[in-house]
């Protein structure tokens, strides 16, 4: 039997113009200077097949080419060389609710979204009630979509997206949204798809769900497949890769943390201009001592007035283990934008760094209050190093207190310890 | 899992129609109905506006040309001719102006979903066509009822001229919408060109008024002038100022018709050529 997806020697290169010339005026006034480009190779000679019924995961760092691959598979981008062939009908959820119009009612949007999938009005007529029941939105059928919460929109969008019978389902991290109970429903649906022998491609950063659902995972890096095998093996390889990368970039790095890859996701309504780590004396540095003061300094540029938003940070060990994470919302601090073009400076200060010796990754993100719309994030590569002056072992300095009391007349060896 | 138990747990998927043509046609219909609907929701008078605009233009032009400048002097049918021309012109200019943004304004769709890209342009044209069809029907019914139409055998050509107009508009829309993705000042250029066409096509005055033969030939070769002139001639009684295009430019009449088809062909080619670059450029 033919594989459902055949990808053969796929190549894709993006030419990023160094000067934006979308006006005729520019072309006319600069006709002599040849346009300057920076080539970005998104995919170099990628080949693989997906047999029918396989649940395939694709992962890799930002800018590794996985999204480009998906877009070529969905015929949104055209490959420069090689081919990607899908045998059969496919549904692609690169984003839920594509084509929905906020000015229309939920019912009207079902017809519109269904038409985007290739379904006709007559077919959809009989399905409307079922969709609302599944999405748990029966009483909102005649409400305009713009009045829906983002969770409700996602529920409606997902319910419409699964309407079309399909041989192949392609998803790009859509699972990151929706409340827990609805996510459960989504996964039930995927399990059913799997039982019915459908082929599923899931692109995700979430190693846990990859391990849980995928038969096979492809790891991409710099436009190539660097690992291909059972989920557990590949996710391990990914963690090693991240750790190696973090250690490598730790040497001779600039004091400013890297902005991450330019192709990272995020709507950029609010964007990170700079992310720095500052020590007690106000110096930008990436080396700290355990117990010293660390300030994470973030400069944000507001592109679109989004109202209240959330700024968050996380610290990971080089292998990806989350050590600490918090955000302004959790810590009950309100951050708001007032007008586009505004600069917002956000600082997070740790009075006494509890981390012990090692290399650590800082991640930062800005998103909306519900957490569903990520504006921008800066990702791995943003590492710092901690020197440990004391003799503690492990990852964190436990800040405990030893107390020792000794009484003269007690037999030797009976020592009471009290932890603080 | 009480929360999960709410609502039904599954949806039975539907088989898509086998015919891709049917899917595309359905998408065109949904998109054009949506944009037609959205254009008129939220405004108190709704659809009436799309009738008021050409009527206002008609009123002003009638005042200026017929009463102040006495252009249509001796031609009692001049108002009807003006009305038919203005309704057709309004379609031409609004359809092309909207289509300009049909691709560039839908970057989100193009970057995140696959469907044939021409659907966006056809849907935008269809939406303008809906307004045009209603306006034309109204104008024709009213003028017919008032006895201002002069229907003869040559009126049988009217649907063909309307068809030519649609082909021309669709061709220009394909051309403009795809080029606009890469050259954003096309919007301004097209505005100016439209103004030139407006006066070069004799929308508000009889083409006969152009005294210079060279200029008349030049104007007559443009499809918009030919369509409008032929529509008038086929619907309204002939008068000293209302001639068939053939009598004005003779066998050259073939040129604007061929030109309309050529514009469509060019639009089709350019659009197809540029389509693969849309997603990366938006």
Inset, instruction - List every residue pair whose Cβ atoms sit under 7 Å apart, with the two residues 6 or more apart in sequence or on different chains, where the first one lies in the range B:16-28 and is within 7 Å of chain A (Cβ to nearest Cβ) and the second, anywhere, is at pLDDT 90 or above and surrounded by fewer than 17 Cβ atoms within 10 Å (Cβ to Cβ). - result: B:26/A:121
Inset, instruction - Could you grab me the full set of residues in the range A:60-80 that are away from every other protein chain (no Cβ under 11 Å) and modelled with pLDDT of 90 or more? - result: A:69
Inset, instruction - Kindly indicate whether any position in the range A:313-324 is free of Cβ contacts under 8 Å to residues at least 24 places away in the same chain and either crowded, with 16+ Cβ neighbours inside 10 Å or in a strand (DSSP E or B) (or both). - result: yes
Inset, instruction - Pull up the range A:227-239, narrow it to residues that are surrounded by fewer than 19 Cβ atoms within 10 Å (Cβ to Cβ) and free of Cβ contacts under 8 Å to residues at least 24 places away in the same chain, then point me to the one that is nearest to residue A:40 (Cα to Cα). - result: A:237
Inset, instruction - Would you please name the residue that is modelled with the highest pLDDT, looking only at residues in the range A:14-40 that are under 24 Å from the mean Cα position of the chain (by Cα) and surrounded by 15 or more Cβ atoms within 10 Å (Cβ to Cβ)? - result: A:14
Inset, instruction - Determine, yes or no, whether residue B:40 is within 29 Å of residue B:228 (Cβ to Cβ), within 14 Å of chain A (Cβ to nearest Cβ) and either more than 28 Å from the chain's Cα centre (by Cα) or at pLDDT below 80 (or both). - result: yes
Legend entry - Filter pass, residue B:259 being at pLDDT 80 or above, part of a helix (DSSP H, G or I) and away from chain A (no Cβ under 14 Å): yes
Legend entry - Residue satisfying all of: in the range B:175-192; surrounded by 14 or more Cβ atoms within 10 Å (Cβ to Cβ) and under 17 Å from the mean Cα position of the chain (by Cα); farthest from residue B:280 (Cα to Cα) among these: B:190
Inset, instruction - Quick one: count up the residues across the range B:15-67 that are buried (at least 19 other Cβ atoms within 10 Å of the Cβ), closer than 19 Å to residue A:164 by Cα and in contact with a helix residue (DSSP H, G or I) (Cβ under 7 Å, 6 or more places away or on another chain). - result: 6
Legend entry - Pick from the range A:101-120, criterion more than 10 Å from every other protein chain (Cβ to nearest Cβ) and not in a helix (DSSP H, G or I), ranking: nearest to residue A:151 (Cα to Cα): A:102
Legend entry - Exclusive hit being in a strand (DSSP E or B) and surrounded by fewer than 17 Cβ atoms within 10 Å (Cβ to Cβ), set A:352, A:339, A:281, A:274: A:274
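The values are calculated or read from the model by the stated rules, or taken from the named source; none is laboratory data. This structure is a prediction, so every number in the text was calculated from the model and none was measured. Note: ideal-geometry Cβ built from the backbone for every residue, glycine included; neighbour counts use all protein chains shown.
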